[in-house]
Every structure is written in structure tokens, then in C-alpha cells.
Amino acid sequence: MATKKLPVVHVAVVGLTSSSFPGTSGQGAGKSVLCNRFVRPKRDDLCLNHSSIMTNSDFGSSMVNNDHHLYWGEKIAALEDGSVSFQIVEHTEFVEDGNLQLYSIVKPYHKRCIQQKLVSGGKMQYIHPDQLAVPDEFSNVARFPDKFTVDGYIICIDVSDDELPEAQGTQREFLGRLLPAIMGVKKAHIVVALTKFDIAKEKSIAAANEILSKCRRQPTVIEVSALEGVNIDVCFLVLAHLVDSRRPRTRILAFSVAHANLKERVRRNEESFQGLLSGRITDFSLPLPVARKSLENEVEFQLLRELKGIDRVDRLIRAQLKYLKEGVIKSKTTDFLDHIRASLELFLVNLSLEDTSETCVELIRKHEKFSAYFTENAEWRDDAQFLKQEQTTQVPFSLLGREGGTEVAPGENRCGSGSTEETGCLRQDILCTPDCLKPHTRVENGRCVEGARGGRPAAAHLSYKGPPYLPGKNGTGRAGVCGRHHRAPVGASSSLHPLRGGGSGNRPRTTEG
């Protein structure tokens, strides 16, 4: 049984070209990016820089074929009553790289683009600018059809605020010639695309509407953004209905509504992908390519990559790996602090009230059993092998120093700030223990000072310059609590995923009798 041939709509995309601003950074109306986004809609396939400057050899290549138009190939789009094939040509102007002058042309742009029957024997489909430099990577491309009769036009009007002061004036003058020429084409079906609407300016929109209001027949106007992928397909589907009114009518949404719908779709896909990450990526030491490879066949991965590209996917994978690593570090730090508290009595004996925190650190370092309890691995947080050890007997000695933070000034509350730098508060956890302080013993400026009832020297007041130790009920100190400045040990708090928000990580104080 013969396959039913799809109806074909031949589309010509026209608009201001970047060659209108020779020797400047001026950009065209976005015709190439719009065609690119429609024919190859995936974010990773989108190229934002399609240059109109070419060498003589490039202009004579099969991709350009000495013509001032590009053939973007064929795209099949689904409609409610079936499918339709679009074949797309972009009218442009190419300039020579040596003198920035237009290659020889017989007719000006506004007269050339209204030619409805196009012929270019041997012309190949244009895909990407790299096609000229590495043609072997783009070998499977379509040829220009033998018959190409334009059915409709998509006119691109740039409504962004161009930095060039003469840009809007140039576009106004250009459209003043182009619009009447196309409107004069018999049975010409026209859709106007207000391009770059994601960065549109009110004055540019007003200028475009003023120009269009003077047309003898009002065209269909659609607000689009090829960069964001908003309303691109709508331009072509609406044009297909104009060419054949029997085809279903496509609803046109305002840019704000269409963009909001797209962002909501991206948000849902990101949530689904994060759920996939939580269940599948559980080892923080996985290299990014390995983690990505394990997910690339999943629907959630493919949908997010299609919408936002591999860079967004990689960013979420890296965030998951970082989240897992931070969780391991917090858990390890909690174990290390418990180990330090248990070993201080062994390392710090016969102290006097005159001993400083620096003295305590040196006593620990010079102890004969130092290497059995501590390691000088200051980069332990980045040492995957060290972090993955189930039982670590050696504690990073840097935890007793000033790693990752500064000393806490008297009266300053650093524990409730929600900071990820844990060291300042961790030292308070280490220092204020009932084994080291008797009731009414105070820690001031890094030294222990006896209160009215006396007390033995503190064995662990390293670098602590916070508020005084507060006794608990009945004169007994609260274990591991430095008054209102107490912070829960790292790892004990409820850590939240960095991409899902969360609180400060503090936990309520507990009171011991």
C-alpha cells in the first residue's frame, strides 16, 4: 500500500540582516535563530551566531551556492488532523570578508525575496556555521528541492533595544520597503514574528506596531523568542492554516502566558529529574561523565536536556554530588568532634590557668601519641578515599585550629547565622564540656577564670572567645552547651538539598536536669 504523501508548505523567512550594519556589532532580526529553533528545536542544537560574512570559497560552496538565501531543510509538524511538512528558505545577504561589501546581486533585498519560484541546482541544506569548516560532520543533509514555490512569509521584526542608535531607524526604513513589496504579492500569506521578545522594550514594540498599522491589510502578529523557545512552532502552524484554511486553527498566546507555561514545564521536569538523581546517584565520588552516562537513557534526563540543554543537566548532577559530599563531611565532622572530646583528657594534663589556646594546640601536637589520634591532612574534605573510610581512627588536626572560620568575638552570635562555615561554632561544641568546667567557671579571652566557687583548669578552651559558660539547673553545667550561642553539632541538624531550599540548620536547645 502506497504511503500517503504529506502536504507541503513552502515558507520564506525574511527580515533585516546583520549585513545592514557593516563593521559594527549590529545584529539582524533573528531569522537564522528562528529557523534553527524550529528545524532543530533541542537546546543543544541551537546556535546563536550565524554570520553573514563569508570568504569567496564559502560563498561558492554547495551550502550557499552563490545565492543570497539559505535552505533550512524540511520539518514535519503534527496537527490535530494529521501532519504537514514545512520546507524553509531564509532570505539574507552575504558580504565578503575582505571589504565587507555585498557579493554581486541583481536585485535589492525587498524585490528579490518576493520572487515566489526559487531554483538553485545542487544547493545543500544549511545546518550550522561549522558546516563550512568541517563538512564531513554534516554529510547527511538534504538537497534543495527541484520545485520551491513560496506559499507564505514569516516577517521577522526585532523588538529588542539594540545598542546601536541607528538600528531602529535602519529597521524602520528596511520595513518601509519590504512590507509593501510582500503585501503586493498576489495571495501572499503573511505572519509577523516580533523576535527577541524576551528582551523586548516598550518603545521598540510601539515602533513595530506603528509600522504594521500602516499596512493595507493587517497581518497576524506573534510574539516570539527563539532563545527561550517560545511561540516558534506557532508561527509556522498559524501560517499553515492561512495557506489552507481547512487545517486546524492554532491558538496564539501572548508571550507572557506562553513563557510562563514553558517555565512551569521546565520546573516540573527539573523536579522529576532531581527525584531521579536522589534515587540513582548515591556516591559523591562518582565522576560527572560516569554519573551522566548512568542516567542518559531515562525519560527525565532526555526531556530536561531537550528543554534546557546538557549544561543544565550537568549543573544539577554536580549539585547532587556536592550535596552528597557535604552530607558525608558533616557526618564525619560529628564523629571527629566526639573523638576529640574523648581524647582531650589524655593530651591536656597539668594545665595552669595561664595557658593559652595556642599552648594547648602545641601540647597536643608534641604528644607522643599524636599520630595515633590525629592526621595532618588539611585537605581531608577533598580526599574522597579518606571520606569513604567507614571507620576513621585519625582526626584531622585542622579541626582544632581556625579551619574555615574566624574567632568569635565576645557577645557575637555566629551560631544562628545559617552559615555553612562550621568551625567557629564547632570549637564551642568542643570547648564547653562539663568535664572541663566546674560550675561558675568562666572562659574569658581564651583563658579559664575561676568564679566564686572555684574550679579546676579547663582542658579544652581552644580559641574560644565567646560568652561565659552558663550553668544548668541546680548549678550543673549543660553538656556541650554554651548558653544561647550553642549550635547543634554538624551532621545532627536537618540538612536540606541545596536546590530545594531550607532553613538555617539549627535545632532547638535541650535542657538537662
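The values are calculated or read from the model by the stated rules, or taken from the named source; none is laboratory data. None of the values given here were measured: they were computed from a predicted structure. Cβ atoms come from the backbone with ideal geometry, glycine included; neighbour counts cover every protein chain shown. These accessible areas exclude ligands, DNA and RNA; they are computed on the full protein's heavy atoms, side chains included. Shrake-Rupley method; radii C 1.70, N 1.55, O 1.52, S 1.80 Å.
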- Of (1) within 27 Å of S272 (Cα to Cα); (2) among the aliphatic types (A, V, I, L, M); (3) crowded, with 18+ Cβ neighbours inside 10 Å, L344 satisfies every one except (1)
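Kindly indicate which of A78, A29 is of a type in the set (A, V, I, L, M), in contact (Cβ under 8 Å) with a residue 40 or more places away in the chain and not in a helix (DSSP H, G or I).
A29
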- Task: Kindly establish whether D311 is open to solvent by 40 Å² or more (accessible area, probe 1.4 Å) and under 17 Å from the mean Cα position of the chain (by Cα).
- Result: yes
- Message: What's the total number of residues in the stretch 348-395 that are within 20 Å of L324 (Cα to Cα), surrounded by 15 or more Cβ atoms within 10 Å (Cβ to Cβ) and at pLDDT 85 or above?
- Response: 4
- Note on the structure: Of the residues in the stretch 31-45 that are open to solvent by less than 20 Å² (accessible area, probe 1.4 Å) and of a type in the set (A, V, I, L, M, F, W, C), the one that is farthest from the chain's Cα centre (by Cα) is C35
- Tally, over the stretch 261-277, of residues that are open to solvent by 50 Å² or more (accessible area, probe 1.4 Å) and of a type outside the set (K, R): 4
- Item | Checklist (1) of a type outside the set (G, A, S); (2) in a helix (DSSP H, G or I); (3) without any contact (Cβ under 8 Å) to a residue 24 or more places away in the chain applied to D233, failing item | (3)
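Within the group I317, I281, I252, I329, which residue is touching a residue at least 24 places away in the same chain (Cβ under 8 Å), β-branched (V, I, T) and under 29 Å from A200 (Cβ atoms)? Break it down stepwise before answering.
On the way: I317 fails: under 29 Å from A200 (Cβ atoms); I281 fails: under 29 Å from A200 (Cβ atoms); I329 fails: under 29 Å from A200 (Cβ atoms).
From the options I317, I281, I252, I329, the qualifying one is I252.
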- Item | Residue among D130, D161 that alone is at pLDDT below 90 and closer than 22 Å to P41 by Cα | D130
- Scanning the stretch 208-230 residue by residue, the ones that are assigned to a helix (DSSP H, G or I) and open to solvent by less than 20 Å² (accessible area, probe 1.4 Å) total 2
- Please find, within the stretch 50-87, the residue that is nearest to the chain's Cα centre (by Cα) out of those that are under 20 Å from R37 (Cα atoms) and among the charged types (D, E, K, R). K75
- Specify which of the listed residues (S62, S85) is open to solvent by less than 10 Å² (accessible area, probe 1.4 Å) and farther than 29 Å from R177 by Cα. S85
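Suppose we filter the stretch 345-362 for residues that are part of a helix (DSSP H, G or I) and touching an Asp or Glu at 6+ places or on another chain (Cβ under 8 Å); how many remain?
Going residue by residue through the stretch 345-362, those that are part of a helix (DSSP H, G or I) are 345-347, 357-362.
Going one step further and asking which of them are touching an Asp or Glu at 6+ places or on another chain (Cβ under 8 Å), we end up with 345.
Count: 1.
Please count how many residues of the stretch 284-336 are among the charged types (D, E, K, R) and outside any helix (DSSP H, G or I). Even if it seems obvious, please write down each step before you answer.
Filtering the stretch 284-336 for residues among the charged types (D, E, K, R) gives 292-293, 296, 298, 300, 305-306, 308, 311-312, 314-315, 318, 322, 325-326, 330, 332, 335.
With the extra rule that they be outside any helix (DSSP H, G or I), the set shrinks to 296, 298.
Of the residues in the stretch 284-336, 2 are among the charged types (D, E, K, R) and outside any helix (DSSP H, G or I).
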- Criterion: open to solvent by less than 50 Å² (accessible area, probe 1.4 Å) and either without any contact (Cβ under 8 Å) to a residue 24 or more places away in the chain or out of contact with any His (no Cβ under 7 Å at 6 or more places or on another chain) (or both) - qualifying residue of L132, L179: L179
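If you take the residues in the stretch 81-108 that are part of a strand (DSSP E or B) and among the acidic types (D, E), which one is modelled with the highest pLDDT?
E90
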- Task: Give the residues of the stretch 182-204 that are surrounded by fewer than 19 Cβ atoms within 10 Å (Cβ to Cβ) and either free of Cβ contacts under 8 Å to residues at least 40 places away in the same chain or among the hydroxyl-bearing types (S, T, Y) (or both), sorted by residue number.
- Result: M183, K186, K187, I199, E202
